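Report on the following structure.
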Amino acid sequence: MTSTPAKESYLDEEDILPKKKKRPFFLKRYLPKSLLGRSLIIIITPLLLVQAISVWVFYDRHYETVTKRLAQGIAGDIATSILLLQEAETPFDKANIFQLMQKTAGLSLTLHQGIELPPVNWEPGWSVLERRLDQAIHDQLLKNLNENYRYDIDTTSLVDQVKIQIELENAVLLVLVPSKRLFTSTTYLVILWMVGSSVITFGVAVIFMRNQVRPIQRLARAAESFGKGRDVKGFKPEGATEVRQASGAFIRMRSRIKRQVEHRMAMLAGVSHDLRTPLTRMKLQLAMSGQSEETKDLQTDVAEMEKMIEGYLAFARGEGHEQTASCNVSALMKTLMQQLSFNNNPIDLHIEQEINIQLRQENFKRAISNLVTNAQRYGSHVMVCVRKKSKDADELLEITIDDDGPGIPEEHRKDVLKPFFRLEQSRNQATGGVGLGLSIANDIISNHGGDLSLEDAPGGGLRARISLPF
């Protein structure tokens, strides 16, 4: 675990950006997380609010007013019937009144002589109809008849009729009122139209917003694939103007990054040739000069220079042009651990299951080799564990590399992942390296869309944890 004592300042994003205090918001956990869901809420909430206000205004104004007028009409017909019955002298006259009210008002009247209305504790219910009908009958009996007759209203026992009983002198008048005279279909039509229009509007909003969100999802997938080094084919700007602008910016950014990588690779090829050629001549001249103390020291210096140049080029070369492909990580780790165990400490490998994942195989092997070699350098026992892990509904490949060495202080764990940072203060390559092993591993894992973290191993020493998304 090597790094230089260089004092260069590397600032992480969390060091630059001010930390924001999290404000608790109790509705946040219940709100949808997707853009589609939140957009639909933005559209539907005002619509439901307008519908609720409209229903309330309609119920308060129109429905109650219409019900009041209908109830007053029924109460007026009943009062008229009572007045006519009071003036009738013979049963024949009463029968004519019953027939007349049936034809003109649709009321079915029956007069029961010699009985009284049973004591009832009837009070108007919660419905508007009962309240308005009770008020209208009470007002009509007092206004037109100047009498406070006892009466009973039953709106539930009959299906299509409302039963009203009014106690007269030595008789009880039974009035059956058709329900259609007390109900208006306008209420149901208005509610039906409101519900129907809301459903249609919601359906149109879902279709429209889904089509608007789909280009954003494609842009996110393209950015994710490009960040993992995969080729993004067939991606083109589409959708709203802002989404097209973001897609165009992504395409231009991708082209610039590819061009910069190609220029870097071309430059490194030239630098590699220019540096290797004089080193090769120096090695030949030293070999022809014979063996002496001076030549041995020069050969050691040349070997160290060659090793440093290889390390620098490996770091700067990055991932090259290797394409991602499906890889059996279980088989790859078994083969790699066998190769690394030949000349080093034994490695204890644990694989929970067969795992296949898209990655750049050679670069991934280089990252694992750097981490395992680093663990072998400082520890006598190395344990590697490979498994599949679920986190926040996502599947991750997790690889942990544990050693029993001295570990790394917590305050330096982020620093050792930066290039050329060495905990070893000397420039001895045998003890400190060039400070690029962990940097190269971290760079490769990051370019795969994963994360490399250093922490304390359960048995002491250092644990390197790799998390890669599938």
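The values are calculated or read from the model by the stated rules, or taken from the named source; none is laboratory data. Note that the structure is predicted; figures quoted are calculated from it, not measured. Quick reminder, even Gly has a Cβ in these numbers, built from the backbone with ideal geometry, and neighbours come from all protein chains shown. The protein model used for the area step is the full one, side chains on, heavy atoms only, and it has no ligands, DNA or RNA in it. Shrake-Rupley method; radii C 1.70, N 1.55, O 1.52, S 1.80 Å.
General remarks:
- Residue check for ALA287: at negative phi, among the small types (Gly, Ala, Ser) and open to solvent by 50 Å² or more (accessible area, probe 1.4 Å): yes
- Here GLU238 meets each of (1) in contact (Cβ under 8 Å) with a residue 12 or more places away in the chain; (2) part of a helix (DSSP H, G or I) with one exception, condition (2).
- Residues of the stretch 150-183 classified as open to solvent by 30 Å² or more (accessible area, probe 1.4 Å) and either in a loop (DSSP other than H, G, I, E, B) or closer than 30 Å to VAL50 by Cβ (or both), total: 10
- Residues being open to solvent by less than 20 Å² (accessible area, probe 1.4 Å) and assigned to a loop (DSSP other than H, G, I, E, B) - total across the stretch 451-469: 2
- Count of the stretch 371-386 residues which are within 39 Å of the chain's Cα centre (by Cα), part of a helix (DSSP H, G or I) and either of a type in the set (Val, Ile, Thr) or at pLDDT below 85 (or both): 1
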